[in-house]
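The values are calculated or read from the model by the stated rules, or taken from the named source; none is laboratory data. If you're wondering where the values come from, they're calculated on a predicted model, not measured in any experiment. Here the Cβ positions follow ideal geometry from the backbone for every residue, glycine too, while neighbour counts run over all protein chains shown.
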């Protein structure tokens, strides 16, 4: 094998490993989504209490984003991807074994930290690959995330329909994820060339120059997070949909999102980030209004598909924009993740309070004006701040 062949093989292996990391992280989440009503029932939770538990999970993720850049530099991107992904799967597997809500709170907090560390590491690895080889792949990587979410949702819905218990279902997924992490993800480089210096702060907040860019995806990420946390309950309780309808509607959302993301790098090259972002935001706004007011499962299905188009590329393109801003790429990725995932994971749990007070239709509808804010901030993609 020549040196050129070896380098090409190493590059291909690294690309496959990054794609697989995105897929597997979402696969765990996809298995979790259809079983949320079962977890709610198992612990006797109200919509508000379910929202609180999801909020605890999001809090752990938030904490991880504050330290994610530093942790990734100290221990390496590949290492954090493998460990974070494994702990995420272990955390979900332990949910049905918790003796009560206090124990569940602690578990979800720690599980959220694992998710956040994995998010920072895998997005930074994707950006490093793009910069090193001058090849767009961030949108495709997030497309793999969507495919993983879709695959997980199908497996989760099938397990639910077959009457498989939460312990057996989540335990099997956990074993699969851990085995895959340490067998197939070793090709991800640790990326220690940006190692932390002794004076590096452990907690890193985003610089002021990135404030508006970090705010830009919040409305769109709220919609994506709401579909993950509440779509199953909405279809089941508001539309009286069957287990098949629950799985089909989320599947339509995830499948369309995956297809759009897999085409995203081509669309960004052809039309540019600004045009893609603006069209995406409009689709998300129309889709979430249609879903919240859907009179039947068919309209909800079509609206979910439109939302999938809208949210698909928005986050990947803002992630790339953040990584290219002045400063350390891992810190910038962590900063963008901090804002985006606060909305993605913390906003939707708050909908539980609105749902209990006014119903799920109104809880989901209030996301539309926040998505309009994302549309208004898309001009940030063309702003190139000076080095500070």
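Summed over segment 78-107, residues that are within 18 Å of residue 17 (Cα to Cα) and more than 18 Å from the chain's Cα centre (by Cα) total 2.
All conditions but one from (1) within 30 Å of residue 46 (Cβ to Cβ); (2) in contact with a helix residue (DSSP H, G or I) (Cβ under 6 Å, 6 or more places away or on another chain); (3) in contact (Cβ under 8 Å) with a residue 24 or more places away in the chain apply to residue 148; the one that does not is (1).
The listed residues are 30, 51, 44, 91, and the only one of them that is under 25 Å from residue 319 (Cα atoms) and either out of contact with any strand residue (DSSP E or B) (no Cβ under 7 Å at 6 or more places or on another chain) or not in a helix (DSSP H, G or I) (or both) turns out to be 30. Does any residue of segment 308-330 turn out to be buried (at least 21 other Cβ atoms within 10 Å of the Cβ), outside any helix (DSSP H, G or I) and at pLDDT 85 or above? Within segment 308-330 (the criterion being buried (at least 21 other Cβ atoms within 10 Å of the Cβ), outside any helix (DSSP H, G or I) and at pLDDT 85 or above), the answer is yes, since at least one residue qualifies.
On the basis of being buried (at least 24 other Cβ atoms within 10 Å of the Cβ), within 18 Å of residue 95 (Cα to Cα), modelled with pLDDT under 90 and touching a helix residue (DSSP H, G or I) at 6+ places or on another chain (Cβ under 8 Å), does residue 126 make the cut? No; evaluated as a whole, the condition is false for this residue.
For segment 3-10, the criterion of a residue being surrounded by fewer than 21 Cβ atoms within 10 Å (Cβ to Cβ), in contact (Cβ under 8 Å) with a residue 24 or more places away in the chain and part of a helix (DSSP H, G or I) is satisfied by at least one position.
Given the options 112, 116, name the one that is under 20 Å from the mean Cα position of the chain (by Cα), modelled with pLDDT of 90 or more, part of a helix (DSSP H, G or I) and under 25 Å from residue 66 (Cβ atoms).
Exactly one of 112, 116 is under 20 Å from the mean Cα position of the chain (by Cα), modelled with pLDDT of 90 or more, part of a helix (DSSP H, G or I) and under 25 Å from residue 66 (Cβ atoms), namely 112.
Does residue 68 qualify as being crowded, with 18+ Cβ neighbours inside 10 Å, under 11 Å from residue 113 (Cβ atoms), out of contact with any strand residue (DSSP E or B) (no Cβ under 9 Å at 6 or more places or on another chain) and at pLDDT 85 or above? Criteria not met by residue 68.
The selection criterion, being at pLDDT 75 or above and under 19 Å from residue 363 (Cα atoms), holds for residue 225. For segment 62-77, the criterion of being under 27 Å from residue 130 (Cα atoms) and in a loop (DSSP other than H, G, I, E, B) is met by at least one residue.
Considering segment 210-238 alone, what residues qualify as being without any contact (Cβ under 8 Å) to a residue 12 or more places away in the chain and within 12 Å of the chain's Cα centre (by Cα)? Once the filter is applied, which keeps residues that are without any contact (Cβ under 8 Å) to a residue 12 or more places away in the chain and within 12 Å of the chain's Cα centre (by Cα), segment 210-238 yields nothing.
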